[in-house]
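In what follows, a single structure is set out as structure tokens and then discussed.
The values are calculated or read from the model by the stated rules, or taken from the named source; none is laboratory data. Because the structure is a prediction, the values reported are computed rather than measured. Note: ideal-geometry Cβ built from the backbone for every residue, glycine included; neighbour counts use all protein chains shown. For accessibility, only protein heavy atoms count, side chains too; no ligands or nucleic acids. Shrake-Rupley method; radii C 1.70, N 1.55, O 1.52, S 1.80 Å.
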Amino acid sequence: VDNPPFESYYPGGFVWSKVEQKGLRGSFQARIDDKGRLKVPTVFRGVIQDLQGPDVFVTSLTAESIRIYPMQVWLDIEKRLSAMPANHPSRIKFLDRVNYFGQTGELDSQGRVVIPADLRTRASIVGDVRVLGRIDHIEVWNEERILEKLERETWTDEDGLRLSEHGI
């Protein structure tokens, strides 16, 4: 029997719909411990572990931030990359970066994942960090760096127009 995507409940006499979260969305503070482990925020941890399992791929494209992909999402990306010509310059450039910075990992029973030391250093990911949902993966930022990025890359009408071309 298929479960409906939502269920109704009645707190305070109002009808509310409880929606199942399948995408990774929002922003949460988190912490990197002394052993270099990120405790993935609970809402993200539930989506990743419940829908994808504990295996992840931890990487970066620029070393400005860290991307954590559920392994199944990463395998889908690899499948699409495999369909491209092996000598495609963008494919090579992408793989150079994600493999240089990347390693497989696993969410432990407490929802922690080890961030490679070199990547933590390059991305200035120590102590308190910001974790952003990116629909199919999460991204970990140094709090100051993400604020600088948001100020540097302001939202424009052109951005809105580009999204509207995709129905958003």
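Working carefully through the options LYS93, LYS149, find the one that is modelled with pLDDT under 95 and exposed (fewer than 15 other Cβ atoms within 10 Å of the Cβ).
Going through LYS93, LYS149 in turn, the sole match is LYS149.
State all residues of the range 44-73 that are touching a strand residue (DSSP E or B) at 6+ places or on another chain (Cβ under 7 Å), without any contact (Cβ under 8 Å) to a residue 40 or more places away in the chain and either closer than 24 Å to ALA117 by Cα or open to solvent by less than 60 Å² (accessible area, probe 1.4 Å) (or both); if no residue qualifies, say none.
Matches in the range 44-73: VAL47, MET71.
Restricting attention to the range 114-135, and to residues there that are surrounded by fewer than 19 Cβ atoms within 10 Å (Cβ to Cβ) and touching a Leu at 6+ places or on another chain (Cβ under 7 Å), which single residue is farthest from LYS35 (Cα to Cα)?
ILE135
Could you please give the count of residues in the range 28-58 that are hydroxyl-bearing (Ser, Thr, Tyr) and closer than 27 Å to TYR100 by Cβ?
Residues that pass the stated criteria total 0.
Do you know which residues across the range 116-146 are of a type in the set (Val, Ile, Thr) and touching a Phe, Trp or Tyr at 6+ places or on another chain (Cβ under 7 Å)?
The answer is VAL129, VAL131, ILE138.
Of all residues being acidic (Asp, Glu) and open to solvent by 80 Å² or more (accessible area, probe 1.4 Å) in the range 152-168, which is nearest to the chain's Cα centre (by Cα)? Just the residue, please.
The residue in question is GLU153.
Looking for whichever is over 13 Å from the mean Cα position of the chain (by Cα) and closer than 17 Å to ALA30 by Cβ here; the options are ARG80, ARG112, ARG122, ARG97. Which one fits?
So the residue among ARG80, ARG112, ARG122, ARG97 that is over 13 Å from the mean Cα position of the chain (by Cα) and closer than 17 Å to ALA30 by Cβ is ARG112.
Would you call VAL140 among the β-branched types (Val, Ile, Thr), surrounded by 12 or more Cβ atoms within 10 Å (Cβ to Cβ) and under 25 Å from ASP34 (Cβ atoms)?
For VAL140, the condition - among the β-branched types (Val, Ile, Thr), surrounded by 12 or more Cβ atoms within 10 Å (Cβ to Cβ) and under 25 Å from ASP34 (Cβ atoms) - is met.
For THR104, indicate whether it is among the β-branched types (Val, Ile, Thr), within 18 Å of LYS35 (Cβ to Cβ), open to solvent by 90 Å² or more (accessible area, probe 1.4 Å) and in contact (Cβ under 8 Å) with a residue 24 or more places away in the chain.
Considered against the rule, which asks whether it is among the β-branched types (Val, Ile, Thr), within 18 Å of LYS35 (Cβ to Cβ), open to solvent by 90 Å² or more (accessible area, probe 1.4 Å) and in contact (Cβ under 8 Å) with a residue 24 or more places away in the chain, THR104 comes out as yes.
Among the numbered conditions (1) in contact with a Phe, Trp or Tyr (Cβ under 9 Å, 6 or more places away or on another chain); (2) hydroxyl-bearing (Ser, Thr, Tyr); (3) modelled with pLDDT of 95 or more, tell me where THR42 comes up short.
Against the list (1) in contact with a Phe, Trp or Tyr (Cβ under 9 Å, 6 or more places away or on another chain); (2) hydroxyl-bearing (Ser, Thr, Tyr); (3) modelled with pLDDT of 95 or more, THR42 comes up short only on (3).
Among VAL113, VAL131, which is under 30 Å from ARG152 (Cβ atoms), in contact with a Gly (Cβ under 6 Å, 6 or more places away or on another chain), in a strand (DSSP E or B) and at pLDDT 95 or above?
Being under 30 Å from ARG152 (Cβ atoms), in contact with a Gly (Cβ under 6 Å, 6 or more places away or on another chain), in a strand (DSSP E or B) and at pLDDT 95 or above holds for just one of VAL113, VAL131, which is VAL113.
Determine which single condition ARG31 fails, assuming it passes every other condition in (1) under 15 Å from VAL140 (Cα atoms); (2) in a loop (DSSP other than H, G, I, E, B); (3) of a type in the set (Lys, Arg).
The failed condition is (2).
For the condition outside any strand (DSSP E or B) and closer than 18 Å to VAL126 by Cβ, what is the one hit in ALA86, ALA63?
ALA63
Mind checking which residues of the range 110-168 are under 28 Å from GLN52 (Cβ atoms) and among the charged types (D, E, K, R)?
Those that are under 28 Å from GLN52 (Cβ atoms) and among the charged types (D, E, K, R): ARG112, ASP118, ARG120, ARG122, ASP128, ARG130, ARG134, ASP136, GLU139, GLU143, ARG145, LYS149.
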